[in-house]
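What follows is a set of notes on a single structure, which appears directly below.
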Amino acid sequence: MKDKKTLTFMLMDAPFENARTTTAMRLIDIAARRGYDINVFAYEGAVYLPFAAQKQHANAVHGHDVVQEDHPLPREWVEAVVQEAAKNGGRVDWVNCGLCVDERGAVDTVAGVRRGSPADFWKMATSSDNTLVIATK
Amino acid sequence: MTDYLMIESRDPFDSGDVANFLVLAEGLSKAGNRVTLFLVQNGVLPARHGVRSAQLAALAGNGVEVLADSFSLQERGISANRLLPGVKAAPLETVVDRLAGGCKALWH
């Protein structure tokens, strides 16, 4: 692809807590639809974004069962952007900070996620066309 | 001249840092750089007329391109015709465009 770009994103927010996660995944999705190569370095609570044990739940307050509630799961978003990028000729290299994973026990992830260190973020940033750090508040 | 993309995600009522971020945008622009301020999430709230809109309106009138994420506006029920003069609705694709183009990007 002539206009193929490589973008790196650093994410720091844990899932289910902040709109930054949604915006970050929207940005990654746009890049994936363009077939860009995408690097994601998940730091701190963001290592839970691809956590495999996330489960949908019912909402008794609203009277919804699991299906009706259809609660969104970030691990599915991660899987979706990995697949979308591949479909369009790009790829997502998603690296979870290993120390952050160990601290939180967030070892089990969806496919396409690997373990790394902040050194990987440096390598990603230096080999990318651009980098966006979406820090916690 | 350097191209800057400054992304503001915070509401000035929620974070006093927003004013400092806008001062930074103003300073970069006055130094001869091309600056785009992209408002997203609750960062779009001062794009309407309001008590915390003056600083944003001044930026938009002084050479800073001020864009507001159309999805964030829609989520908050803010129609494009309620935006301050000089503030334009734009899709989030704009951010990816600018990143791909090599803008120096800063998220707040």
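The values are calculated or read from the model by the stated rules, or taken from the named source; none is laboratory data. These numbers were taken from a predicted model, which means no experiment stands behind them. As a convention, Cβ positions derive from the backbone with ideal geometry for all residues, glycine included, and neighbour counts pool all protein chains shown.
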Unique match (being surrounded by fewer than 20 Cβ atoms within 10 Å (Cβ to Cβ), more than 14 Å from chain B (Cβ to nearest Cβ) and more than 26 Å from B:ARG76 (Cα to Cα)) among A:VAL82, A:VAL67, A:VAL47, A:VAL113 = A:VAL67
note = Condition set assigned to a loop (DSSP other than H, G, I, E, B) and touching a Phe, Trp or Tyr at 6+ places or on another chain (Cβ under 9 Å), scope the range A:46-58, selection farthest from B:ALA100 (Cα to Cα): answer is A:GLN54
message = Residues that are crowded, with 17+ Cβ neighbours inside 10 Å and within 14 Å of chain B (Cβ to nearest Cβ): does the range A:121-128 have at least one?
response = yes
inquiry  = What's the number of the only condition in (1) farther than 24 Å from A:ASP3 by Cβ; (2) assigned to a helix (DSSP H, G or I) that B:GLY77 fails to meet?
reply    = (2)
query = A:LYS4 passes all but one of (1) in contact (Cβ under 8 Å) with a residue 40 or more places away in the chain; (2) within 14 Å of chain B (Cβ to nearest Cβ); (3) surrounded by 15 or more Cβ atoms within 10 Å (Cβ to Cβ); which number fails?
reply = (3)
task = Looking only at the range B:46-78, count how many residues are over 10 Å from the mean Cα position of the chain (by Cα) and either within 12 Å of chain A (Cβ to nearest Cβ) or modelled with pLDDT of 95 or more (or both).
result = 9
Filter result (of a type in the set (Gly, Ala, Ser), in contact (Cβ under 8 Å) with a residue 40 or more places away in the chain, farther than 18 Å from A:ALA125 by Cα and assigned to a helix (DSSP H, G or I)) within the range A:9-45 = A:GLY45
key: Which listed residue is surrounded by fewer than 15 Cβ atoms within 10 Å (Cβ to Cβ) and small (Gly, Ala, Ser), from A:ALA53, A:ALA42   = A:ALA53
request  = Pull up the range A:95-126, narrow it to residues that are of a type outside the set (Gly, Ala, Ser) and in a loop (DSSP other than H, G, I, E, B), then point me to the one that is nearest to the chain's Cα centre (by Cα).
outcome  = A:VAL110
task = Looking at (1) within 14 Å of another protein chain (Cβ to nearest Cβ); (2) buried (at least 22 other Cβ atoms within 10 Å of the Cβ); (3) small (Gly, Ala, Ser); (4) over 20 Å from B:PHE71 (Cβ atoms), find the lone condition where A:GLY35 falls short.
result = (2)
The range B:23-49, residues that are among the charged types (D, E, K, R) and in contact with a Lys or Arg (Cβ under 7 Å, 6 or more places away or on another chain) = B:ARG48
request  = Could you tell me which numbered condition B:LEU39 fails, if it satisfies all but one of (1) away from chain A (no Cβ under 13 Å); (2) surrounded by 15 or more Cβ atoms within 10 Å (Cβ to Cβ)?
outcome  = (1)
message = Tell me the residue from A:VAL61, A:VAL67 that is over 25 Å from A:ALA31 (Cα atoms), free of Cβ contacts under 8 Å to residues at least 12 places away in the same chain, part of a helix (DSSP H, G or I) and of a type in the set (A, V, I, L, M), please.
response = A:VAL67
Members of the range B:97-107 that are buried (at least 18 other Cβ atoms within 10 Å of the Cβ) and more than 8 Å from chain A (Cβ to nearest Cβ) = B:ARG98
key: Residue that is surrounded by the most Cβ atoms within 10 Å (Cβ to Cβ) [pool: residues in the range B:85-96 that are more than 8 Å from every other protein chain (Cβ to nearest Cβ) and in contact with a helix residue (DSSP H, G or I) (Cβ under 9 Å, 6 or more places away or on another chain)]   = B:VAL87
